[in-house]
Structure formats: C-alpha cells, structure tokens
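Chemist: Please read through the structure below; I'll follow up with questions.
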Amino acid sequence: MKTSMKLFKDYPEWEEMMPYKVTGIREVNAHIHTPYSFSAFRDLEEPFRMAREEGVEALGINDFNTVRGYDEFFRLAGTYSVFPLFNIEFIGLLEKEQREGVLVNDPNNPGRTYFSGKGLRYPFVPPPDEEHLLDDLRDKGNDQVRRMVEKANAYFREQVPEVQLSFERIVGELARGVVRERHVAKAIRMEVQQLGDEQRQREIYTRMFGGDPPRAALHDIAALENEIRARLLKKGGPAFIPEDPDAFLPVPRIISYILKAGGIPCYPVLLDNPSGYITPYEEDKIRLAASLEELNVFAVEFIPGRNDLRILEDYAEYFDRRGFLVLFGTEHNTPAMQPLRVTSRGGVPLTPRLREIAWNSACIVAAHQYQISRGKTGIVDPDGFANSEQRGILTALGAAVIGYFRKINKAPI
C-alpha cells in the first residue's frame, strides 16, 4: 500500500483524540459497491464527490469477494475527508435452511444467503490459513461468466451475428478483477448501441429476444440492462450458466473468515418488497435475532431504499434494543444511479431515530477498526462474541476517531 496518509494504528491514544469527537448525528452510508465488483459509479471517486455534495460523512465499501478497492478507497477518503468503513460481501449458504427449502435473504434460492463483514482490518491482511480464499472465489465466479460469454456468442451467431462479445475486453475495460453477470449485460448493451440508430438497435434486440421487441426504453440504461439479464442471462435464458456450487461457502466459514480478518460478521436483512412479502427466515424478527445470535452474529444491515419506513422502523428499533449494530446503505449495485444519502422506499427520509441508530452503529465500526489496527479487541472478540458492555465507550471512541480523521484530512468537524 502506497499512501502518505496516517493509518489507524498510528493515531493517538483515544484520550488524546476526544477533543476531536464529532457531535450530533451525521449522515452515513455503510454499504456501497464500487467498480471493483459492479456499481452504478463510473469510478471510485464518484461516490466521494456525491458524499461531499450530499453531506455524507462516513462511507462503507462493500464489494463482493474482494478487497482490491481498499487502498484507493482509503486514499480518496482522505482526499474528500469522508471517513472510510472497510467492509466486504459474500454469497453463502445456510445448509439447514437449504435442505428445508427456506428462503433467507435471497427471495429466489432457498438457503442462499448474502452476508457481509464490517470494519475489517486495514491495511487488509488475509487470514494465514485462508490467503487464497478471495482469489479462489473470484476465479470461480469469473469462470462462470467466461462460459456465459461463450454461450451468448454461440447464440448470437445464430440470431444476431453482428454482435459478438470478448471476455478479455469485458475484463480489461468494464471490470476490475471481479467479473459479474451485470458486466455481460452492460457489454451487450454497449455492443448493440454502436451498431446504429434506435430503430436499428430495436431491430437487433427484437431478434436477440426471439422476436419480442425490447420493453425498456433504449435510453433507460438501467432498465435495458436489467431486461438483457432477465431475457438472456438468467435461468431459462439462452446464455444462462449455472453458478458453481463451490463458489457459495457455508455461512459459518464466512463468519470465521471475517473474524480472522478483524471484521464484524453482519447479516443483510432483505425485509419487505413493495408487495409486503418478507421471506420465511425474516418474517419473525424475534426468531431472526435468535437465529443470528446462535451463529454469533450481532450486526445487521438494511438497504432502506427497498423497504417501507414503518416496517424498517419496527425491525431496526428491535435489533438496536437487543444490542445489535444496525447499519444502513444504498448498495448502488445496479446501473441505476440514485442519491448516496440513505432514504426508505419511495425516497421517504429516515426518521431522526433511525439516523441516530445508523450513526451510532457506524461510530462503533469506526472504533472497531481503530482498536483492531492496534491489536486490541473491538465490538466483537476473536471468537465473535459481542462486547455489549462496551457499546457506549466504543460509540464515543468512534466519534472521536471519525473526528480525528476529518481533522487531519482538513475537514471541519
């Protein structure tokens, strides 16, 4: 890592930082994806520009199966004086729920589970017995996409021979190491776009979709790429390739990896969709909390933009009272650009209480990063047990860490 910025391990003792403590409730977004996995952002600097414009003072990188963006993220955080939260996301399996056909936080695949780690050690050091885990997961995912591109090209040769994809070009121009299905949809859209005007593009899509015209407006990039994915790349589509089962680790192994990397295991709560549906695993918040505690998971996160505010309040308040960290984010994991400031579904602002919960939890993650970097215990110990009695102290410490970071990087606190 090449940087002239001061690392957390070199910060003063916490008593010396307390004069820099941030006061009041500040805006935080603890979950965004970046171009290092797939993102609405054109580059990694864009979310920091948006954070400055929207008053977001802490930002969490949360890419799938990679920490490759950490160094650039840290550098830009200093440039823009936005505090960095170092996170990661996996897709795993709860094997009991898979056997029983229970939907967890993936509404289509029983047992399939999105799972995050928060506040990993920075600079990142892979666990000594898992040095190659992230690379192996990346390679398995990339191989699936390579085969998807080959299958798409075979289909296109019959239906739209003027369209051909290059996996190497996708890797070199659209991705940063991790290649995902969404990159393929984007590549298809870009290839068609350069073949003529809208009438010509519509004709190509009609042949590509088996004689059915595109339903999305061609200027609506997000909708068009989602339609390409749904019609061509998803199950039942002519370019669909099943995912490698070995790319989905059992959740206990994911938790172990996160803890060894200094992080906080965190369950992403899907919660309700616009029709009000909540998966069986999540529909009873008391049972959900108990299930997570059995796994030694004491942090949850929400993407409020997909949730009704009243339901979000109910769950977030409950988990906060039960002693969980409760974090919010926006993902930005599709082509659709949206504000960085977190709101609930329909753009409804979060209540002051929800903003307070989110800020306090982000402060605890900041304190955890500081403590772990200095070889001390943060909000969870190496076995994953929560240090609940330290929440108040760590909240204050985190506010001081954030304030000190902003001070040395020349931002008013």
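Chemist: Most mobile of Pro252, Pro47, Pro352 per a Gaussian network model of the chain (Cα springs, under 10 Å)?
Modeler: Fluctuation is largest for Pro352.
Chemist: Only bridges with both residues in the chain count here: give the DSSP antiparallel percent, nearest 5.
Modeler: 40
Chemist: What longest region of the chain stays clear of trypsin sites (Lys or Arg not before Pro) that DSSP places outside H, G, I, E and B and that have at most 11 other Cβ atoms within 10 Å?
Modeler: Answer from the scan: 43-234.
Chemist: Let me ask something else about it. Between Glu162 and Glu283, with labels modelled 7 Å along Cα→Cβ, what's the label distance in nm to one decimal, could you check?
Modeler: About 5.0 nm separates the two model spin labels.
Chemist: Here's a follow-up. Considering only C-alpha atoms, what is the centroid distance from segment 187-243 to segment 129-166, in Å?
Modeler: The distance from the Cα centre of segment 187-243 to that of segment 129-166 comes to 17 Å.
Chemist: Take the chain, connect every pair of alpha-carbon atoms lying under 10 Å apart with a spring to form a Gaussian network, then pick out the residue of Gly236, Gly117, Gly347 with the largest mean-square fluctuation.
Modeler: In this elastic network of the chain, the residue with the biggest mean-square fluctuation among Gly236, Gly117, Gly347 is Gly236.
Chemist: Determine, from the Cβ-Cβ distance of Gln194 and Asn409 and an R0 of 41 Å, the FRET efficiency 1/(1 + (r/R0)^6), rounded to the nearest 0.05.
Modeler: Once rounded, the FRET efficiency stands at 0.50.
Chemist: Using only Cα atoms and rounding to the nearest 10 degrees, what angle (0 to 90) does helix 285-294 make with the longest principal axis of the chain?
Modeler: Value to nearest ten degrees: 80.
Chemist: Right, another one. If you average the sequence gap of Cα pairs under 8 Å that are 6 or more apart and divide by the length of segment 191-288, what percent do you get for the contact order?
Modeler: 9
Chemist: Further question: Extension gain Lys6-Met337, at 0.36 nm per residue separation less the Cα-Cα distance, in nm?
Modeler: Difference between extended and current length: 115.9 nm.
Chemist: Calculate the radius of gyration of the Cα atoms of segment 178-286 to one decimal place, then report Dmax, the largest Cα-Cα distance, as a whole number, both in Å.
Modeler: 19.3, 56
Chemist: Taking only the C-alpha atoms, wrap a convex hull around segment 144-233 and report its volume per residue in Å³ as a whole number.
Modeler: 86
Chemist: Counting other Cβ atoms within 10 Å of each Cβ, which GluC sites (Glu not before Pro) in segment 1-62 have at most 13 and sit in a DSSP loop?
Modeler: Those that pass, being in a loop and sparsely packed, are Glu13.
Chemist: How many nm is it between the label spots at Val125 and Lys140, if each spot is 7 Å from the Cα in line with the beta carbon?
Modeler: The modelled label-to-label distance comes out at 2.7 nm.
Chemist: Also, I was wondering about something else. Please identify every one of the chymotrypsin sites (Phe, Trp or Tyr not before Pro) in segment 213-291 that sits in a loop by DSSP and has no more than 13 other beta carbons within 10 Å of its own beta carbon.
Modeler: Tyr277
Chemist: Say each of Tyr318 and Glu53 gets a label point 7 Å from the Cα, pointing the same way as Cα to Cβ; how far apart are those two points in nm?
Modeler: Once both label points are built, they end up 3.8 nm from each other.
Each value in this text was obtained by applying a stated rule to the coordinates, not by laboratory testing. This one's a predicted model, so the numbers in the text were calculated from it and none came from an experiment. No Cβ is skipped: glycine too gets one built from the backbone with ideal geometry, and neighbour counts run over all protein chains shown.
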